[in-house]
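The values are calculated or read from the model by the stated rules, or taken from the named source; none is laboratory data. Note that the structure is predicted; figures quoted are calculated from it, not measured. Neighbour counts run over all protein chains shown; Cβ positions are idealised from the backbone, glycine included.
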Amino acid sequence: PEGRIEVAPTPRPARKRNDKFADFPELKDLKTQQAVADLLGVANPFFREHDGCAGATTDIDGKTHINFASYNYLGLNGHPAVAAAAKAAIDKYGVSVSASRLVAGERPIHRELERRIADYYGVESAVVFVSGHATNVAAIGHLLRPKDLVIYDSLAHNSIVVGAALSGATRRLFPHNDLDGLEEILIQHAHSHERVLVAVEGLYSMDGDFPDLARLVKLRDRYGFWLMVDEAHSLGVLGKTGRGVSEECGVDPREIDIWMGTLSKTLSGCGGFIAGSAALVEYLKFTAPGFVYSVGMPPAVAAAAIACFDLLDQEPERVAKLRANGVRFVEKAREAGLDTGSSTGLAIVPVMVGDSLRAVHLSNRLLERGVNALPIVHPAVPERSARLRFFITADHTFEQIDEAVAVTAEEHAGLAKAGFGIKMAAA
Ligand code: PMP
């Protein structure tokens with residue numbers, strides 16, 4: 001028809017060019033590692049394609065595997081009530097809210113979700129961001145200034161580290177879960193800074209252990225810092241009813257100055273939240289660039305999270321099942337002689353391997369035998385502390401857990417016997 005605009009056919013052939021981005025040293029290192037792995041016949045385990053919704057099992061290359069690589073802790077992603085809530089929200093509001101909430105306006109569903117989160121912790125208010133990572137970056141980056149001090153656990157997530165760097169504040173790390181170490185830093189440095197933030201996690205995602213929250217609150221009372229707890233992995237997981245690390249440690253959640261959490265694990269979506277006092281939330285909602293200048297959360301994601309909170313209330317047995325499964329995994333693994341580090345068996349269990357290439361190879365061997373567990377290698381963990389990380393879900397059966405542990409122990413012993421990795425390092 002007249003006035004029709006001709007659109008060039010897609011995809012267009014890629015134009016070859018002398019790519020300056022290829023010069024990044026990190027990319028060159030990656031290419032070298034990949035070349036060594038190729039030489040040794042070790043396939044790349046990252047970015048594998050999964051078909052369907054990953055839970056206790058997942059389909060890769062047309063084959064069903066027992067899955068330990070998703071944060072679907074309570075098995076709520078794929079739950080019919082969660083999917084129905086998301087679909088209904090799309091029908092009502094569309095897929096996107098199409099701009100920042102500040103200018104494009106609120107949807108009732110945002111407020112409802114924020115109320116649920118605030119009530120969950122018994123605090124005044126909450127605000128949701130479109131990404132968990134961006135939540136820490138936006139909040140920490142905006143709450144602290146160059147005159148301030150941020151102290152965090154040495155295993156704190158990258159988003160905490162990046163937020164602290166963005167703030168320009170002085171940064172100090174304390175050894176993992178070592179609160180004596182934290183107190184030493186406070187004694188030496190806290191008095192010379194205006195504001196001090198101490199950031200910890202409710203459950204550490206690499207090691208599966210958690211901090212002594214009651215003692216942290218006492219330290220906060222003595223030294224007067226802001227205590228921030230990232231509940232990415234502990235919401236829905238720790239505590240008898242899944243209310244997180246405060247329930248696990250018998251601490252009143254209103255004692256914590258800043259609750260942070262993600263929607264990407266138990267709550268089956270993506271995004272993050274900050275919960276605490278009304279002033280804290282108002283400050284972030286009106287002034288934090290990561291919220292003010294970013295689109296509002298998609299309605300379907302907010303609706304899914306609300307449905308997950310409903311299910312947490314209605315089916316607390318999921319939390320108990322997750323705990324039983326994790327304990328089963330850790331006990332069986334330790335019986336089989338595997339090193340699970342300091343894991344409490346609450347949802348996250350590492351199996352220590354040491355050498356990075358050996359960890360990758362072990363993961364590939366497990367995949368061949370129907371078990372999907374991903375390797376964690378440097379720089380995500382310190383050099384020589386590579387591991388396979390197992391995320392347990394409430395939907396796993398004891399049979400699946402027992403089989404996975406048996407296969408892991410067998411393959412792990414096989415590689416150790418062959419000296420894989422050490423031999424490689426010498427080559
Ligand atoms: N905090 C912690 C402790 C995390 O482990 C993660 C990611 N797993 C994040 C924040 C970022 O969350 P998201 O993946 O939802 O962006």
Can you name every residue in segment 382-403 that is surrounded by fewer than 20 Cβ atoms within 10 Å (Cβ to Cβ) and of a type in the set (F, W, Y)? F398
Against the definition (charged (D, E, K, R), in the same structural domain as V301 (by TED's automatic domain parsing) and not in a helix (DSSP H, G or I)), how does E6 come out, yes or no? no
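Is at least one residue of segment 373-389 more than 23 Å from the chain's Cα centre (by Cα) and under 30 Å from G62 (Cβ atoms)? Full working, then the answer.
Of the residues in segment 373-389, the ones more than 23 Å from the chain's Cα centre (by Cα) are none.
No, segment 373-389 contains no residue that is more than 23 Å from the chain's Cα centre (by Cα) and under 30 Å from G62 (Cβ atoms).
From the list G345, G414, G419, G326, pick out the single residue that is buried (at least 18 other Cβ atoms within 10 Å of the Cβ), among the small types (G, A, S) and at pLDDT below 95. Even if it seems obvious, please write down each step before you answer.
Values: G414 fails: buried (at least 18 other Cβ atoms within 10 Å of the Cβ); G419 fails: buried (at least 18 other Cβ atoms within 10 Å of the Cβ); G326 fails: at pLDDT below 95.
Among G345, G414, G419, G326, only G345 is buried (at least 18 other Cβ atoms within 10 Å of the Cβ), among the small types (G, A, S) and at pLDDT below 95.
Give me the helices (runs of 4 or more DSSP H) completely within segment 135-236, filtered to those with at least 1 residues that are within 12 Å of the ligand (Cβ to nearest atom) and either without any contact (Cβ under 8 Å) to a residue 24 or more places away in the chain or assigned by TED's automatic domain parsing to the domain that holds R389 (or both), ordered by residue number. Break it down stepwise before answering.
On the way: elements: 158-167, 179-189, 213-223.
Passing ranges, in order: 158-167.
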Going through segment 274-315 one residue at a time, which ones are within 16 Å of the ligand (Cβ to nearest atom) and polar (S, T, N, Q)? S294
Are any of the residues in segment 127-147 on the phi > 0 side of the Ramachandran plot and touching a helix residue (DSSP H, G or I) at 6+ places or on another chain (Cβ under 8 Å)? no
When segment 237-255 is checked residue by residue, the ones that are part of a loop (DSSP other than H, G, I, E, B), under 19 Å from R318 (Cα atoms) and more than 15 Å from the chain's Cα centre (by Cα) are G239, K240, T241, G242, R243
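Please verify whether Y71 is surrounded by 14 or more Cβ atoms within 10 Å (Cβ to Cβ), under 28 Å from G296 (Cβ atoms) and over 22 Å from the mean Cα position of the chain (by Cα), treating the condition exactly as stated. Outline the logic, then answer.
Numbers: surrounded by 14 or more Cβ atoms within 10 Å (Cβ to Cβ): yes; under 28 Å from G296 (Cβ atoms): yes; over 22 Å from the mean Cα position of the chain (by Cα): no.
Answer is no for this residue.
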Can you say whether G55 is under 24 Å from the mean Cα position of the chain (by Cα), closer than 25 Å to L374 by Cα, outside the structural domain of H233 (by TED's automatic domain parsing) and at pLDDT 95 or above, as far as the supplied structure shows? no
Tell me, yes or no, whether segment 95-106 has at least one residue that is in contact with a Leu (Cβ under 9 Å, 6 or more places away or on another chain) and either more than 16 Å from the ligand (Cβ to nearest atom) or in a helix (DSSP H, G or I) (or both). no
Residue hits (segment 17-43; free of Cβ contacts under 8 Å to residues at least 12 places away in the same chain and closer than 21 Å to E368 by Cβ) are Q34, D38, L39, G41
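Inspect all residues belonging to segment 256-273 and state whether any of them is away from the ligand (no atom under 16 Å from the Cβ) and of a type outside the set (F, W, Y). Step through it out loud before you land on a result.
First pass over segment 256-273, keeping only residues away from the ligand (no atom under 16 Å from the Cβ): 257.
Right, trim to of a type outside the set (F, W, Y) and you get 257.
Checking segment 256-273: at least one residue is away from the ligand (no atom under 16 Å from the Cβ) and of a type outside the set (F, W, Y).
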Check off (1) modelled with pLDDT under 95; (2) in contact with a strand residue (DSSP E or B) (Cβ under 9 Å, 6 or more places away or on another chain) for S363 and give me the number that stays unchecked. (1)
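What residue, among those in segment 111-128 that are under 22 Å from the mean Cα position of the chain (by Cα) and part of a helix (DSSP H, G or I), is nearest to E255 (Cα to Cα)?
Residues of segment 111-128 that are under 22 Å from the mean Cα position of the chain (by Cα), as a first pass: 113-114, 116-118, 120-121, 126-128.
With the extra rule that they be part of a helix (DSSP H, G or I), the set shrinks to 113-114, 116-118, 120-121.
Numbers: L113: 22, E114: 19, R116: 18, I117: 16, A118: 13, Y120: 14, Y121: 10 Å.
Ranking the qualifying residues of segment 111-128, first place goes to Y121.
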Go through segment 45-67 and count every residue that is at negative phi, assigned to a loop (DSSP other than H, G, I, E, B) and either in contact with a strand residue (DSSP E or B) (Cβ under 6 Å, 6 or more places away or on another chain) or touching a residue at least 24 places away in the same chain (Cβ under 8 Å) (or both). 7
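Table: residues versus (1) touching a strand residue (DSSP E or B) at 6+ places or on another chain (Cβ under 7 Å); (2) at pLDDT 95 or above; (3) under 17 Å from Y283 (Cβ atoms).
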{"position": "V103", "(1), (2), (3)": "no, no, no"}
{"position": "V128", "(1), (2), (3)": "yes, yes, yes"}
{"position": "T135", "(1), (2), (3)": "yes, yes, yes"}
{"position": "R145", "(1), (2), (3)": "no, yes, yes"}
{"position": "H191", "(1), (2), (3)": "no, no, no"}
{"position": "G202", "(1), (2), (3)": "yes, yes, no"}
Quick one: which of G122, G75 is touching a Lys or Arg at 6+ places or on another chain (Cβ under 6 Å), modelled with pLDDT of 95 or more and more than 15 Å from the ligand (Cβ to nearest atom)? G122
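Scan segment 349-371 and tell me whether some residue there is free of Cβ contacts under 8 Å to residues at least 24 places away in the same chain and at negative phi.
Here is the first cut: in segment 349-371, the residues free of Cβ contacts under 8 Å to residues at least 24 places away in the same chain are 368.
Subsequent filtering for residues that are at negative phi retains 368.
Yes: one or more hits.
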